[in-house]
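Reviewing the structure listed below.
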Amino acid sequence: MRIGVLAVQGAVREHLNILSQLGIDGRRVKKAEQLSGLSGLILPGGESTAISLLSRGCVLAKVGELASKGFPIFGTCAGMILLANEIEGQEDAYVRAIDIAVARNASGRQVDSFETMLCVKGVADDFPAVFIRAPYITRVGNGVTVLAKHEGAAVMARQGNVLVASFHPELTRDMRIHRYFVEMAREHEKKEAIL
Amino acid sequence: MVEKGTYRVKSGLAEMLKGGVIMDVTTADQAIIAERAGAVAVMSLERVPADIRAQGGVARMADPGRIKEILAAVSIPVMAKARIGHFVEAQVLEALEVDYIDESEVLTPADPQHHIDKWTFAVPFVCGARNLGEACRRIAEGAAMIRTKGEPGTGNVVEAVRHMRLMNKQIRLVLSAPPGELMSMAKEMGAPYQVLLAIREKGRLPVVNFAAGGIATPSDAAMMMQLGCDGIFVGSGVFKSGDPEKRARAIVEATTHYKEPGIVASVSEGLGEAMVGISIDEIPPHEMMQVR
């Protein structure tokens, strides 16, 4: 199975490492045409303003198109901001693939960045989560399931084929969330095969 | 339980900046230009290195009022420079809640012998290095990110290239050495043994390594990326050029698409005047910043 990682900027290497440990063929995606032949896509952490500016050749537009057709996508931190329908204090959003609103840097500046154990629904009740100047989910629409909360704030959610997290599972050695996403991709492949 | 200021959180922020460009800014307006151009972070300082070089005098941490304006102006991380060994400037920057502190040779050193004990801070540090020994000593002091020193404020990339090549060569040596030779290698390089072990475990430097010091053009940035650095610092190169907005954007594009000469060529067109450079031979030895 091939899963892409948007490789414009950010923690690309870390996601590819985990994918390879899971026996998945991870591919760097910089251009729209590199999206074909993939079973899923990860949008990594990084700086969302830079990633969106630099996504040449309409990669993000193509990602939006795929998302609406049920293609599995996982966004961590900046990746979550790119996928959200709404960004607080900002008029436009980017891909708009999941009906949530997010607030940038909601966990504060870097001195407030932290690690904690999270209970992630359907994945683990002890997931080591690394939050770095993290965005939080401030509103969830119908059809969105909140998978994890930290001190009352939603920090992980799923709507159908789209999975988002405020934190960075790729900075730990714990592969359970990636495994969960690979499972989403497998399910989608099966569905496609039947159709 | 919530743990702040862990090493994973500190080095993690640097990991998120990989493949990006960090730009020196002295005002909030410049910070906004940098953010709009696609910078992943800005570096706040009193004067850019080229001005420090030209004007002389003691170069210090920037005015806290200025730093606050910059913090308020952009949503990307804000870094700020402290003098080497000046742990109180670092405490002040931490109190201002900057996102990263650069203990920098660009400013006038405050301690002739010692660097800051960076483990005592919750805010992460980036430090300059010319070779692997220097990088490893800074990491052992708690730095969570490294950059080559190059020769700041010159617009001349030659020293950044020298430092990046040397560091890569020394990393290759560490990775290929038989275990029994590692200790004497540590001694020769002046590198703490434990950090060399960490390099062997990871197969690379255990923290992110950016290129800095003399990068002035999109091609300079792309070359440093091809030499294997994780990202780019641009000091005087942007705001000492004829068209800062355009050049900032071009350097960012070239850093992202560093393996595509076609893109580097197209973004390099019509950028206006680059900063006036200085040949390294013309700099008197006591004015070299990299030896600090």
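In table form, for the structure just shown:
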{"item": "Failed item, numbered, when A:Glu88 is tested on (1) away from chain B (no Cβ under 14 Å); (2) under 20 Å from B:Arg36 (Cα atoms); (3) among the acidic types (Asp, Glu)", "result": "(1)"}
{"item": "Residues satisfying the stated conditions in the range B:200-216, i.e. in contact (Cβ under 8 Å) with a residue 60 or more places away in the chain and of a type outside the set (Phe, Trp, Tyr)", "result": "B:Leu205, B:Pro206, B:Val207, B:Val208, B:Asn209, B:Ala211, B:Ala212, B:Gly213, B:Gly214, B:Ile215, B:Ala216"}
{"item": "Of the criteria (1) modelled with pLDDT under 95; (2) surrounded by 24 or more Cβ atoms within 10 Å (Cβ to Cβ); (3) of a type outside the set (S, T, N, Q), which one B:Asp24 fails", "result": "(1)"}
{"item": "Options A:Val102, A:Val155, A:Val111; residue that is surrounded by fewer than 23 Cβ atoms within 10 Å (Cβ to Cβ) and β-branched (Val, Ile, Thr)", "result": "A:Val111"}
{"item": "So B:Met164, is it hydrophobic (A, V, I, L, M, F, W, C), closer than 30 Å to B:Ala274 by Cβ and either more than 14 Å from every other protein chain (Cβ to nearest Cβ) or touching a Ser or Thr at 6+ places or on another chain (Cβ under 7 Å) (or both)", "result": "yes"}
{"item": "Qualifying residue in the range A:185-194 (condition: out of contact with any strand residue (DSSP E or B) (no Cβ under 8 Å at 6 or more places or on another chain) and either among the β-branched types (Val, Ile, Thr) or closer than 24 Å to A:Ala106 by Cα (or both))", "result": "yes"}
{"item": "Selection from the range A:15-31 of residues that are surrounded by 15 or more Cβ atoms within 10 Å (Cβ to Cβ), within 14 Å of chain B (Cβ to nearest Cβ) and of a type in the set (Gly, Ala, Ser)", "result": "none"}
{"item": "Qualifying residues in the range A:48-75 (those that are over 19 Å from A:Arg2 (Cβ atoms) and of a type in the set (Val, Ile, Thr)) - the one surrounded by the fewest Cβ atoms within 10 Å (Cβ to Cβ)", "result": "A:Thr49"}
{"item": "Looking only at the range B:1-44, and only at residues there that are touching a strand residue (DSSP E or B) at 6+ places or on another chain (Cβ under 8 Å) and of a type in the set (Ser, Thr, Tyr), the one that is nearest to the other protein chains (Cβ to nearest Cβ)", "result": "B:Thr6"}
{"item": "Enumeration of residues in the range A:105-135 that are within 10 Å of another protein chain (Cβ to nearest Cβ), over 15 Å from B:Met16 (Cα atoms) and of a type in the set (D, E, K, R)", "result": "A:Asp112, A:Glu115"}
{"item": "Whichever residue in the range A:140-195 is over 17 Å from the mean Cα position of the chain (by Cα) and among the acidic types (Asp, Glu) and, among such residues, is farthest from the other protein chains (Cβ to nearest Cβ)", "result": "A:Glu192"}
{"item": "B:Glu103 crowded, with 23+ Cβ neighbours inside 10 Å and closer than 28 Å to B:Gly277 by Cα", "result": "yes"}
{"item": "Given (1) farther than 13 Å from A:Thr76 by Cβ; (2) of a type in the set (A, V, I, L, M, F, W, C); (3) in contact (Cβ under 8 Å) with a residue 12 or more places away in the chain, number of the condition A:Val111 does not satisfy", "result": "(3)"}
{"item": "Test for B:Arg36: is it part of a helix (DSSP H, G or I), touching a residue at least 12 places away in the same chain (Cβ under 8 Å) and surrounded by fewer than 23 Cβ atoms within 10 Å (Cβ to Cβ)", "result": "yes"}
{"item": "Any chance B:Ser279 is exposed (fewer than 15 other Cβ atoms within 10 Å of the Cβ), within 14 Å of chain A (Cβ to nearest Cβ) and not basic (Lys, Arg)", "result": "no"}
{"item": "Complete set of residues in the range B:45-93 that are of a type in the set (Lys, Arg), in a loop (DSSP other than H, G, I, E, B) and either farther than 21 Å from B:Val21 by Cβ or within 14 Å of chain A (Cβ to nearest Cβ) (or both)", "result": "B:Arg60"}
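To keep it simple, each residue is scored yes or no on (1) of a type in the set (Phe, Trp, Tyr); (2) touching a Ser or Thr at 6+ places or on another chain (Cβ under 6 Å); (3) closer than 29 Å to A:Asn17 by Cβ.
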position: B:Gly190; (1), (2), (3): no, no, no
position: B:Val195; (1), (2), (3): no, no, yes
position: B:Leu205; (1), (2), (3): no, no, yes
position: B:Ala211; (1), (2), (3): no, yes, yes
position: B:Ser219; (1), (2), (3): no, no, no
position: B:Met223; (1), (2), (3): no, no, yes
position: B:Asp230; (1), (2), (3): no, no, yes
position: B:Ser236; (1), (2), (3): no, no, no
position: B:Glu245; (1), (2), (3): no, no, no
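The values are calculated or read from the model by the stated rules, or taken from the named source; none is laboratory data. What you are looking at is a predicted structure, and each value in this text was computed from that prediction instead of being measured. All Cβ positions, glycine included, derive from the backbone under ideal geometry; neighbour counts span all protein chains shown.
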